[in-house]
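**Q** Can you keep this structure in mind? I'll have questions shortly.
The values are calculated or read from the model by the stated rules, or taken from the named source; none is laboratory data. Computed from a predicted model, the values in this text were never measured in an experiment. Note that we place each Cβ from the backbone using ideal geometry, even for glycine, and neighbour counts take in every protein chain shown. Only protein heavy atoms, including side chains, enter the accessible area calculation; ligands, DNA and RNA are left aside. Shrake-Rupley method; radii C 1.70, N 1.55, O 1.52, S 1.80 Å.
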Amino acid sequence: MSATEAPSTTGNGHIGRALRRKEDPRLITGRGSYVDDINFVGQLWAAWVRSPEAHAKIVSIDTSAVPEGVRVFTHDDLDMEAGLPMAWVPPGVEVKTPDHWVLAKGEVKHVGDPVALVVGDDRYAVVDAAEAVVVEYDPLPVVTDPEAALESGSALVHSQFGTNKICEWSLGGGDLDAGFAEADVVIERRVVNHRIAGGAIEPRGVLAEWRADRLTVYSSTQVPHFLRLFLSLIVGVSEDRVRVVAPEVGGAFGSKLNIYAEEIGCAWASMKLGRPVKWIETRSEGLMVTHHGRDQIDKVRVGAKRDGTITAWHTTIIADCGAYQTLLTPMIPPLSAFVMCGVYKTPAVQTDVIDVMTNKFPTDAIRGAGRPEATHLIEVVMDQLAEELGMDRLELRRKNFIPPFSDGHETPIGVAYDSGNYELALDRLLQHIDVDEVRAQAEQLRDQGIYRGIGFCTYTEICGNAPSRIVGPGGFGLQGGGWESATVRVHATGAVTLYTGTSPHGQGHETGFAQIVADRLGIDPQNIEVIHGDTQTGPFGLDTYGSRSLAVGGEAAARAADKVATKAKAIVAHQLEADPADIVLEDGKFIVRGSPEKGMALGDVAGAAYVPENLPEGMEPGLDEQTFYDPDNFVFPFGAHACVVDVDAETGKVDVVRYVAVDDCGPPINPLLIDGQVHGGITHGLGQALFEQIHYDTAGQLVTGSFVDYALPTAAELPSYETDRTVTPSPVNSLGVKGVGEAGTIAGSATVTNAVIDALRPLGVTYLDMPLTPMRVWQAINEAKGATP
Amino acid sequence: MADGDKLHPLQEAFWNDHGLQCGYCTPGMIMAAADLLQRNPNPTEEEVRHGLEGNLCRCTGYHNIVKAVLDAAKMGDGGTLETPAPPPGAAQTAEAVAGEIKP
């Protein structure tokens, strides 16, 4: 269905309103229930004995000092059907995937690898007991550098493979050789996209209860439906007897899109011991054993004609996947390849991915998952190319923009963008920011030792994860689908419950989804309860990640509501003796077209449906409809961002002076929520560019294991953001919407990095890798001066 | 902080301004902001940002939190927030505790 064919809504106009959130009353009064707020009578606590070594043989495990009454389990005690899952099997590509057990078997592969599970009555006593477990290790050679890991003779993370290379995977299109042959200029850059954390403020946590042959697991997760499926398969309980609840989840950013050892371990221990088992992650554990993201070395080679026309773009990605593969680990770097054309007409594009194992914790999806890496390298290299050509950065972009399109643009790599108008977004951005004015300010500041720079990024990304035939086993190789479910249940009074298969963790689905259903049924969003994150309530769902909730789950909600409206119209037509085709929804009433005095509100229709004395012949009672929606395509939000920075040449400190973002995610459902997503997204990108880094030393020790060392941005380091929108509907869904949860992050790091490089060009600095910490910037300034720092 | 159904100006402002997403940092943010406004009823944006430096949020980028605190300052009767009367006996307890602490 194209946006122009979208079914008419009520005219109540809840869609598009900046409605304040339905979620908030409980959260601003301290009444939210996160996992740690939930306790069961008789619950036990779990703690983990974790490896201090990055790679070692386990020689012995001595539990003799553990106090009586505390249980210790090691690998040999586990009687599970399987280890932790990895769900990517690309057709025709061999992926070397090691076993990944809940507790290490024989060897540990990274710092924090769990060796024993300790369970007892007291939250603090189990931590002491874990320290009383004495494990003897025989250290093995460690490798932490992915390029070194690929060299022959490198230490091997999993020796049975004889290599650290997990797989090679490529995506390309167009004639690359011809493209480079006709290029006047070819530049090469090595772009390092370093490892970062999700940094959710609520740590992970699990509470598992095995009672009366049924397993209930509360987990701080993005993926309760996935977790139920894998729990069932791993601990061997039929899926109908497993219930997973994601209660209030305190942020996730991809880091809770996984099936973790602690979730499976607590469930298993509860079954073994017949009592509820709870575990709450410490902050140090959060940085050590909650998955990381990025960690790519991107070797980029670009060809262009003298006039700026790009002729070929070749990227080799060396992706540091860490010591095991969690749910989607090796699949994330290939996601970079899907947007490697960016917003440009590039006729020949090739991306070669090499996934590599090292003795670090696995990487997996972190906000943007593959697209921030691609956008960063594309947009930083565009600035580099402009400099090489002696061309204005924005002129180079305009020269190569794909012209506006509203119903599909096929890129040479076979990815079909849905709609885009990149020129429009850039024009809108430049209404907010005057480059000449920034340049004039820069001149004035120079005397004070302050170097002011401005950076840009024009981007598109791929989200709304779906369609099953493309992402699934026979396509990209994900062992699952991309659809989403929704049930709209109208109660006898006309109040409505929407069950969605998505699983929000701060985004505001309870409000946005209610606005969608409200307009389709002519009621107030306040009378719609949105239920999510409990596998025992609604239908099977595919959860929340990859900016998919609105474009897939929101559309499913709209379609389920449409089914209800269709049945309601039939009931109203029957009651009013009219033709169903003449029934329309106006001002909250189903009326006969042109006769607003004759009509029924949803509550009246529900009454008629549940007291069915006068329904059309053959119609079932009730007003309750379900949808499974599998889209025809992804959606492709886009935008243009700009950032102004001041760099202190003496200290290397970067101050973000302004950040302006123009994003296009189609018609807004709730502008308040969109701006909130953009603000948070930018901060994640900006945080990576300036502050954050997960750093291991060469021995595989995690150096940044606390929020003292891992620098999450604070309010004091950030400016207020300036946001604006253009509105280009997607033809993929009836709402015309595209995802926006990751867009800010995808555009953010390149925008800031380009601004800092721009600021430092007068000092002779021409390129910098993130994170742009004062030390790195100061060193770069001094190296450019020819001084020894 | 709320008086029955009547929300505290800070709670109201956090709600109006979308000053929270996942809600996990929110109680801490609101309490930190209340403390800040008691000490400085009419803060500048810069003062709010530095005043909240000790509390981390990963969702909002702080933009709407800062906005909410500035708006609450405007709402709260010229910046003065009503402080509820301490519970009976609190003053004596506080005195007793303070008496224990010798410089």
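**Q** Between a first residue in segment B:39-51 that is more than 10 Å from chain A (Cβ to nearest Cβ) and a second residue that is hydroxyl-bearing (Ser, Thr, Tyr) and open to solvent by 40 Å² or more (accessible area, probe 1.4 Å), which pairs have beta carbons less than 9 Å apart while being 6 or more apart in sequence or on different chains?
**A** B:PRO41/B:THR80
**Q** OK, next. Taking segment B:36-52 as the region of interest, how many residues are touching a helix residue (DSSP H, G or I) at 6+ places or on another chain (Cβ under 7 Å), open to solvent by 80 Å² or more (accessible area, probe 1.4 Å) and not polar (S, T, N, Q)?
**A** Matching residues across segment B:36-52 total 1.
**Q** Something else now. Every residue in segment A:692-709 that is of a type in the set (S, T, N, Q) and either open to solvent by less than 50 Å² (accessible area, probe 1.4 Å) or more than 20 Å from the chain's Cα centre (by Cα) (or both), please. Write out each step before concluding.
**A** Of all residues in segment A:692-709, those of a type in the set (S, T, N, Q) come to A:693, A:698, A:701, A:704, A:706.
A:THR698, A:GLN701, A:THR704, A:SER706, listed by residue number.
**Q** Within segment A:710-731, track down each residue that is part of a loop (DSSP other than H, G, I, E, B), more than 14 Å from chain B (Cβ to nearest Cβ) and open to solvent by 20 Å² or more (accessible area, probe 1.4 Å).
**A** So the first thing to find is which residues in segment A:710-731 are part of a loop (DSSP other than H, G, I, E, B), and the list is A:710-714, A:718-721, A:726-731.
Subsequent filtering for residues that are more than 14 Å from chain B (Cβ to nearest Cβ) retains A:726-731.
Scanning segment A:710-731 gives A:VAL727, A:PRO729, A:PRO731.
**Q** Same structure again: Can you confirm whether A:GLY764 is on the phi > 0 side of the Ramachandran plot and open to solvent by 10 Å² or more (accessible area, probe 1.4 Å)? Give the derivation first.
**A** Details: on the phi > 0 side of the Ramachandran plot: yes; open to solvent by 10 Å² or more (accessible area, probe 1.4 Å): yes.
So A:GLY764 fits the description; yes.
**Q** Next question. Need at least 1 residues that are away from chain B (no Cβ under 14 Å), open to solvent by 30 Å² or more (accessible area, probe 1.4 Å) and within 29 Å of A:ARG294 (Cβ to Cβ) per element, so show me which strands (runs of 3 or more DSSP E) inside segment A:133-222 make the cut, counting only ones lying wholly within it.
**A** Values: elements: A:134-139, A:165-173, A:185-197, A:205-211, A:214-219.
Filter on segment A:133-222 gives A:134-139, A:165-173, A:185-197.
**Q** Somewhere in segment A:263-275, is a residue under 17 Å from the mean Cα position of the chain (by Cα) and closer than 20 Å to A:GLY198 by Cβ? Full working, then the answer.
**A** Narrowing segment A:263-275 to residues under 17 Å from the mean Cα position of the chain (by Cα): none.
Scanning segment A:263-275 turns up no residue that is under 17 Å from the mean Cα position of the chain (by Cα) and closer than 20 Å to A:GLY198 by Cβ.
**Q** Can you confirm whether A:GLU239 is on the phi < 0 side of the Ramachandran plot, surrounded by 23 or more Cβ atoms within 10 Å (Cβ to Cβ) and among the acidic types (Asp, Glu)? First the steps, then the outcome.
**A** Values: on the phi < 0 side of the Ramachandran plot: yes; surrounded by 23 or more Cβ atoms within 10 Å (Cβ to Cβ): no; among the acidic types (Asp, Glu): yes.
Against the criterion (on the phi < 0 side of the Ramachandran plot, surrounded by 23 or more Cβ atoms within 10 Å (Cβ to Cβ) and among the acidic types (Asp, Glu)), A:GLU239 does not qualify.
**Q** Right, next: Suppose we filter A:GLY676, A:GLY652 for residues that are touching a residue at least 12 places away in the same chain (Cβ under 8 Å), open to solvent by less than 10 Å² (accessible area, probe 1.4 Å) and in a helix (DSSP H, G or I); which single one remains?
**A** Values: A:GLY652 fails: in a helix (DSSP H, G or I).
None of the others qualify; the one that does is A:GLY676.
**Q** In segment B:8-27, which residues are more than 7 Å from every other protein chain (Cβ to nearest Cβ) and either over 19 Å from A:GLY676 (Cα atoms) or β-branched (Val, Ile, Thr) (or both)? Working first, answer last.
**A** Kept after step one, since they are more than 7 Å from every other protein chain (Cβ to nearest Cβ), are these residues of segment B:8-27: B:8-10, B:12-13, B:17, B:19.
Result: B:HIS8, B:PRO9.
**Q** On to the next question. Give segment A:10-65 a look and list any residue that's of a type in the set (A, V, I, L, M) and more than 28 Å from A:ARG204 (Cα to Cα), or say none.
**A** Hits for segment A:10-65 are A:ILE15, A:ALA18, A:LEU19, A:VAL59, A:ALA65.
**Q** Determine, yes or no, whether A:ALA689 is small (Gly, Ala, Ser), surrounded by 17 or more Cβ atoms within 10 Å (Cβ to Cβ) and free of Cβ contacts under 8 Å to residues at least 40 places away in the same chain.
**A** Working: small (Gly, Ala, Ser): yes; surrounded by 17 or more Cβ atoms within 10 Å (Cβ to Cβ): yes; free of Cβ contacts under 8 Å to residues at least 40 places away in the same chain: no.
So A:ALA689 fails the test.
**Q** Restricting segment A:407-434 to residues that are part of a helix (DSSP H, G or I) and out of contact with any strand residue (DSSP E or B) (no Cβ under 6 Å at 6 or more places or on another chain), which is nearest to A:LEU176 (Cα to Cα)?
**A** The initial filter retains those residues of segment A:407-434 that are part of a helix (DSSP H, G or I), namely A:422-432.
Then keep just the ones that are out of contact with any strand residue (DSSP E or B) (no Cβ under 6 Å at 6 or more places or on another chain); that gives A:424, A:427, A:430-431.
Details: A:LEU424: 30, A:ASP427: 31, A:LEU430: 34, A:GLN431: 37 Å.
Once the filter is applied, the top-ranked residue is A:LEU424.
**Q** Residues in segment A:518-535: is at least one open to solvent by 60 Å² or more (accessible area, probe 1.4 Å) and in contact with a strand residue (DSSP E or B) (Cβ under 8 Å, 6 or more places away or on another chain)?
**A** Restricting attention to segment A:518-535, the residues satisfying the condition of being open to solvent by 60 Å² or more (accessible area, probe 1.4 Å) are A:524, A:526-527, A:529.
Next, only the ones that are in contact with a strand residue (DSSP E or B) (Cβ under 8 Å, 6 or more places away or on another chain) stay: A:527, A:529.
Yes: one or more hits.
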